[in-house]
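Q: Right, I'll just put the structure down here and ask away after.
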Amino acid sequence: MYNLIGLVVLLPLIGAAVNGLVGWRIKNEKVIGIVGSATVGFSFVLSVLIFIEMLGRDVLNRAEVIDYFRWIGAGGLETSFAYQVDQLSILMTLVVTGVGFLIHVYSIGYMHGDPGFWRYFSYLNLFIFAMLNLVLADNFLLLFLGWEGVGLCSYLLIGFWYEKKFTGDAAKKAFVVNRIGDFGFLIGLFLIFVTFGTLKFEPLFLQASVMSVGEPVLFWITLMLFIGAVGKSAQIPLFVWLPDAMAGPTPVSALIHAATMVTAGVYMVARSATLYALAPLTLEIVAVIGLLTAVLAATIALTQNDIKKVLAYSTVSQLGYMFLALGVGAFWVGIFHVYTHAFFKALLFLGSGAVIHAMHHEQDIQKMGGLRKYMPKTYITFLIGAIAISGIPPLAGFFSKDEILAYVWHDGSVLLWVFAAITAGLTAFYMFRLVTLTFWGDPRFKEHGEHAKHPHEAPATMTVPLIILAVLSIIGGWVGIPKALGGGLAIKQFLAPVFERADRIMALPEHGVHAVDYVLILLSVAIAAAGIYVARLWYLKKPEIPGGLAKKYSGVYKVLSNKYYVDELYDAAIVNPTVKGSRKLLWRGIDVGIIDGIVNGLAKLVEIVSKYGRLVQVGVVQGYAVAFVFGIVFIIFWLLFR
Amino acid sequence: MTFEEAFVYILAAGAIVSALLVITRRNPINSVIYLVLNFFFLAALYLTLKAQFIAIIQILVYAGAIMVLFMFVIMLLNLGDEKQLRDRVTWKQMVAIGLSLAFVMQVIYIVGFGETDGMDAISAKAAEIGTVEYIGKELFSHYVLPIEAISVLIVLAVVGAIVLAKRKLD
Amino acid sequence: MFENNLLTYIIFSPLVGALLLLFIERNKHNAIRWVALVTSFVTFILAVVLFLRFDAGEAGFQFLIQTGWIEAIDVGYRVGVDGISLLLVLLTAFIMPISILASWSSIKHRVKEYFVFLLLLEVGMIGVFLALDLFLFYIFWEAMLIPMYFIIGVWGGKDRIYAAVKFFLFTMVGSLLMLVAIIWIGVHASNTVGNFTTNLLVLYEISPTIPLALQSWMFLAFALSFLIKVPLFPLHTWLPDAHVEAPTAGSVILAGVLLKMGTYGLLRFCLPLFPAATYEYMSLISVLAVIGIIYGALVAMVQTDVKKLIAYSSVSHLGFIVLGIFALTEEAVQGSIIHMVNHGLSTGALFLLVGMIYERRHSRMIVDYGGVAKVMPVFAAFLLLMSLSSIGLPGLNGFVGEFLILLGAFQSQALDSYWYAIFAASGVILAAVYMLWMYQRVMLGDLDKPENQKLTDIGGRELATLIPIAIFVVWIGVYPSTFLDKTEASGKQLLEQVERGRTMYRAAEKDTEEDTLVENRIDKIMGEKN
Amino acid sequence: MVSLNFYLSLSAMLFTIGVVGVLTRRNAIIVFMSIELMLNSVNLTLVAFSSFLGDATGQMLVFFVITIAAAEAAIGLAIIIALFRNKQTVNIDEINLLKW
């Protein structure tokens, strides 16, 4: 079965090629949709089969590298299209193909009637292809191919409705900001190659595992790779692209900008866990950046009114959480959170998509409210998602979030824990602010008369994926029930071989069940519950409170609702000076002014010299004769007196 | 100063004056007349050098044939006086005159300091080699090839002159 | 017999076509076009045969032809192909039919002369890549200038004369110095082996014996000529003008092949002939290359004219290639060779695309467009593909070259600094900025200009020019081994040749160091006495 | 007795007068006559040397020079006539076709 991993990767590419090359001739949306979904569906089925086979194998024998063909080979560099099937990659593959399949199905309904329907499915399939390359690659270069490939698809899909200017801007911004991260990633790759002489994971990590902790080159490698992750996973300071990326179709936001692509950074760090474990300084940076991002994004989310923007900042915040987990050395927890987050965040996005669909592309939550009665299925599923992300047991979010908090606590930094806990509370708060404003209360849009909106429940292709994801959001976390609650942490055991080297280096104490664990669990649930309660109180019962607060702390509110002016800062500090400097100084100044000036100046000089020089030869014969005589006189003179 | 010497000096002075007159006359007709005069002086000078044949040729060919051709052309073209001969002496002319003076100085300098030993008097053979007989013998023995060549050249020149000067036939 | 003379057939088959064209009446435009196309296609087939019969394991020259020519100074008709020139010959032969197709309808006056010039140009270009005799090389090098001069000057845009003269003079300045150096090295050979010679194979043998001081001058003379052609910052200003004014096919050939002659010259002549001087000047040239990468990208970013933008992007890309050459590692040199091909394909295709849209709309200004993707979806797809290839997206050809070059430069012991590669890698970011910004302003957004609404999508002939390029773009991106394998042995051998110069250069460097040390000591002693 | 130097100096002066004529006059015919002057001064030199050295070669050369002068005069005057026909002038300042 392992040999079929190539087919898992290839199927979506076939789908993309079919839809991309002949899709515009197939006028039938159903055919296009089925081609798009079925290829991903088959991939999912195949990966499930592989997964089952893996579970059947001996624990030590589960990982395998399937080498297909040579890619780039020159000098000492050898890379191939080779896929590493192991616990980590198969888990990611399952998430990608599984959630991807649901979103494909959902998109058939969501994108109905769009003139670019074929194009959309082609891009989406291409994305799955690239993402699978990313998670299955057995070397950093192939990972980079997937890494850039998903970036490209994200570019294409954000700018899918290219007639609007802001979609193009957002797409370009996403790509370019990602490229800044990729720059770091590339340098990281070079350093790895210089240090280890290979880019393949296994030999590389094997070599690394015997190196001593804290070696400078490892610090630089991991830092550079982390810069790549910062770009892809939208962390400080490169998070600015993700909220703008919401310009794309909502299923795209669900798939790419919530469930899969943005978690690539987390995956990559987890994959290189061995390296990171050897670089404690980088791990600290990862933890701090992660936490800062989590807090910052959560605070921005408090004030946003665009339903998708709230979810986007929530994603940024959750990604920060994942990096926090990685930063304290809990690599498996980071992946665990990626896995649960994929379910509930995809669910939330798809739910919001259903709402937007129903509200005829209205995204402002201040103009919604009371949708509960119009679209009950969407409401229920969305609510499940919100509860899951808030961390209320026994939904998925609780388990992963609780593990993160526990690890942070055991890491010994109370400060980190406090901020992480506050962020959890904020998360619960803004999610329920969203739920309240959208679904509860009275409608704030026109229900009757002209320009009235008539919200309606979404079609089955959209609701079925919602329901499936809702179920997964509930049960998805049960693979990681902590010991304190009598669970076995199945996912930890499953992933352990992947992180075995890193764990050995980190040597985190295997903490047993303590009273403090129960306290922590209770605390985190309490914080989440408090958040939910406050949100419900403020926005449902006493809507005057948030308004009052906003007025009272108008400065803070302004900063938050303007996202800390980060975009403006970047524009003023980097973008504008570069563009202006290039235009005025480099192009007009150096290129046209100095270099061409010198060139044309030389030409002018020749012209001027010639202009006077040619006066010697004006065609008057006597002039020539004078010169002639002069020559004679000169020669005689020279002969006489030399 | 013997009479002979005085005679040579007078002839020399005449040659120079007539030459100067050639290049300073406005009217080309006058120039031609003075040029003919100059040629006569030169012919006389050739005689003092005992070159009778050359002197005769000078009169016959130069003064007699060539200068008549000049005269003929000037009259054919009916040229008037040259304007602005002296009213505008350009810097180019100044330079030309200056250069020429420098040139003549140089030559005289060379002549003055040159080695002319054994040549302070006309050779005894001079009277012999200047005769028609001697020159004729030389021309048609030693110089027979050049003389044939030059005769061809003369023919070519005549044909060329006709071609150049004739009006178009159309 | 066929195989023995294969290279001669490849070089001169376009010439046969050009001669044939002379016998066709000048107003039979279609016949002229077809003859030109068929000729160039035949050349391409021959080049493919060459590619297939090429033995990748052999590092030296293959298909050698050596015939005497001017015996007195040992100038010969010597041609041969190795891994470095093979791909470039193939590229040239590949680009030509495409250029001819691209000129099918856009050239309307003096059609016959145009195609004759194109074919003559091909003779010159292929000759440059195959010549193994400095004299022969120089003749081809100059011979190719003339058709290009006329192609820009006669069929170009409105400032064509300025551009053509600028192009000509820039190139001329360099090549005259090169001629001096060719004579010089020939004279040096006569001191060493007894007779004046321009035989490259002989010169390769004696080159390490040239003293460093002499090598430096010759290197500079050669390098200046090549670097102008490349063009390296700050010798690049002829390029934007020439590109903008040239007709589409002219730009395609200019970007696709002509610029590569400079980088090829570096690899074939500068490095192996003057190995010690290479070490002396490598950091200077590499710094300029890195400046060129960033500078070209920044200037490209703010261009208002699409063609100029692509022209400046060439400056940036060629900076990568030069950096790769002077990094002197296997990865970088192979990367440079493959990147020459890549740049030829992707930038050539970009110029083709710009030419297509120019033919329809008669404007190259970015502001005149916007939202064109709506009316020209196929065009938009190709433009995106080629832009992405130019950006260096993994899976497409541009990445293979860029990555190998950067990797090679990063680990290069000769350059001995990470900073070259780090700064060069920032060009990767900027490439995304300028290409995507251009793409966004031209293709995306609202289709608000009425003249753009009537644009028609590309047709069959245009597709025929783009699809082959697209195939190669993906092929090289996914399975570059087909091409990289051919360059491996020759690249390795080149590095060995250059390596010989290292000890010489190090020794010379040490001498000067010791001299200064001694001087310092003397100064010290003198100072103590006083 | 008059010395050779005297003849040579005289000839130099005549030559220079011819040069001045060539350089300063605008009338093509007078320029032409000045050239004849220069030729004659050279002839004088040749004859003088011939007589003083007792060698006939000089006089032979003079013979040829005169022949050439005749040919030259014929051609030159023909050119002047042709020129005058085209330009209605013999002023050499106006005859500057050599400019290009």
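Q: Rg and Dmax of the stretch A:566-641, using alpha carbons, in Å: what are they?
A: Final numbers for Rg and Dmax: 27.6, 87 Å.
Q: Shifting gears a bit: Set the Förster radius R0 to 51 Å, insert the Cβ-Cβ distance between C:Q66 and A:L508 as r into 1/(1 + (r/R0)^6), and round the FRET efficiency to 0.05.
A: It comes out at approximately 0.10.
Q: Diagonalise the Cα gyration tensor of the stretch A:44-135 and give the resulting equivalent ellipsoid semi-axes, square root of 5 times each eigenvalue, largest first, whole Å.
A: Rounded to whole Å, the semi-axes are 30, 21, 7.
Q: Another one. Under the rule a/c < 1.5 gives rounded, and otherwise a/b versus b/c splits prolate from oblate, where does the stretch B:3-130 land using the Cα gyration tensor?
A: Here the stretch B:3-130 falls in the oblate category.
Q: May I pose another question? If you rank A:H104, C:H236 by fewest surrounding Cβ atoms within 10 Å, what's the result?
A: C:H236, A:H104
Q: Where does the protein assembly as shown land at 222 nm, in deg cm²/dmol rounded to the nearest 500, when only DSSP H runs of n ≥ 4 count, each adding -39500 (n - 2.57), divided by all residues?
A: -24000 deg cm²/dmol
Q: Here's a follow-up. At what distance in nm do the modelled label points of A:L281 and C:D485 sit from each other, each positioned 7 Å from its Cα along Cα→Cβ?
A: It is 4.5 nm.
Q: Per the Cauchy relation, a quarter of the hull surface: what is the mean projected area of the convex hull of the alpha carbons in the stretch A:203-251, in nm²?
A: 5.3
Q: Within 10 Å of each Cβ of C:420-433, how many other protein chain Cβ atoms are there on average?
A: Mean partner-chain Cβ count within 10 Å for C:420-433: 4.
Q: Please compute the contact order of chain A in relative form: average sequence separation of alpha-carbon pairs under 8 Å and at least six residues apart, divided by the residue count, as a percent.
A: Taking the mean separation of contacting Cα pairs over the length of chain A, I get 12 percent.
Q: Summarise the long-distance tail of P(r) for the protein assembly as shown by giving the % of C-alpha pairs beyond 50 Å.
A: 51
Q: Please state the shape class of the stretch D:26-92: rounded when a/c is under 1.5, otherwise prolate if a/b exceeds b/c and oblate if not, all from the C-alpha gyration tensor.
A: Here the stretch D:26-92 falls in the oblate category.
Q: Give me the distance in nm between label points sitting 7 Å out from Cα along the Cα-to-Cβ direction at C:T516 and A:K165, one decimal.
A: Simple spin-label model gives 5.7 nm for this pair.
Q: Take each of the peptides C:417-428, C:501-512, average the number of other beta-carbon atoms within 10 Å over its residues, and list them starting from the highest.
A: So the peptides C:417-428, C:501-512, ranked by packing, come out C:417-428, C:501-512.
Q: Also, quick follow-up: Need one number: nm distance between label points at A:L485 and A:R642, each 7 Å from Cα along Cα→Cβ, rounded to one decimal.
A: Distance between the two pseudo-spin positions: 11.1 nm.
Q: Taking 8 Å as the Cα distance limit and 6 or more residues as the minimum spacing, I'd like the relative contact order of chain D as a percentage.
A: Across chain D, relative contact order equals 28 percent.
Q: Oh, and also: For each of C:F274, A:F117, count neighbouring Cβ atoms within 10 Å of the residue's Cβ, then give the residues from fewest to most.
A: A:F117, C:F274
Q: Where does each of C:134-141, A:519-526, B:22-29 land if you order them by average Cβ count within 10 Å, highest first?
A: Ranking the peptides C:134-141, A:519-526, B:22-29 by packing returns C:134-141, B:22-29, A:519-526.
Q: Let me ask something additional. Looking only at other chains, what is the average number of their beta-carbon atoms within 10 angstrom of each beta-carbon in B:46-56?
A: 5
Q: To continue, here is another question. Equivalent ellipsoid semi-axes for the stretch C:3-529, as square roots of 5 times the alpha carbon gyration tensor eigenvalues: give them largest first, rounded to whole Å.
A: Each semi-axis is √(5λ); the values are 39, 28, 20 Å.
Q: A further question follows. Specify the angular offset, from 0 to 90 degrees and rounded to the nearest 10, of the alpha carbon long axis of helix A:117-136 from the longest principal axis of the alpha carbons in chain A.
A: Relative to chain A, helix A:117-136 is tipped by roughly 90 degrees.
Q: Report the local net charge at C:V89: Lys and Arg +1, Asp and Glu -1, summed over other residues whose C-beta lies under 12 Å from its C-beta.
A: For residues surrounding C:V89, the net value is 0.
Q: Could you work out the Rg to Rh ratio of the stretch A:335-561, with Rh taken as the Kirkwood radius (inverse of the mean 1/r over all Cα pairs)?
A: Taking Rh as the inverse mean 1/r over Cα pairs, Rg/Rh reads 1.04.
Q: Another question about this same structure. Quick check on the exposure proxy: order A:T222, D:T45 from fewest to most C-beta atoms within 10 angstrom.
A: D:T45, A:T222
Q: Hey, if you put +1 on the Cβ of every Lys and Arg and -1 on every Asp and Glu Cβ in the stretch C:344-426, which of C:A373, C:F423, C:P394 ends up farthest toward the positive end of that dipole?
A: Value computed over the given set: C:A373.
Q: Pull up the cross-link candidates among the lysines for A:K542, meaning alpha carbon to alpha carbon under 25 Å and not fewer than 8 places away within one chain.
A: A:K308, A:K309, A:K367, A:K373, A:K446, A:K551, A:K552, A:K558
Q: Can I ask one more? How many partner chain Cβ atoms sit within 10 Å of a residue's Cβ in peptide B:4-11, on average, as a whole number?
A: 2
Q: State whether the stretch B:131-170 is rounded, prolate or oblate according to the following rule on the C-alpha gyration tensor (a ≥ b ≥ c being the square roots of its eigenvalues): a/c under 1.5 gives rounded; otherwise a/b larger than b/c gives prolate, and the remaining case gives oblate.
A: In terms of gyration-tensor shape, prolate.
Q: What is the mean projected area of the alpha carbon convex hull for chain A, to one decimal in square nanometres?
A: One quarter of the hull surface, i.e. the mean projection, equals 44.7 nm².
Q: Additional query: Compute the helix-to-body angle for C:6-22: its Cα long axis versus the longest principal axis of chain C, expressed 0 to 90° and rounded to tens.
A: 40
Q: Further question: With the dipole of the stretch A:335-561 worked out from charges on the C-beta (+1 for Lys and Arg, -1 for Asp and Glu) around the Cα centre, which of A:I356, A:A386, A:V525 lies farthest toward the positive end?
A: Sorting the options by dipole projection puts first A:I356.
Q: Considering only C-alpha atoms, what is the centroid distance from the stretch A:246-317 to the stretch A:76-92, in Å?
A: Cα centroid to Cα centroid, the span is 24 Å.
Here, each number is a calculation from the coordinates, and none is a lab measurement. Bear in mind that the values here come from a model prediction, so they are computed numbers and not experimental data. Ideal geometry is used to build each Cβ from the backbone, glycine not excepted, and the neighbour counts take in all protein chains shown.
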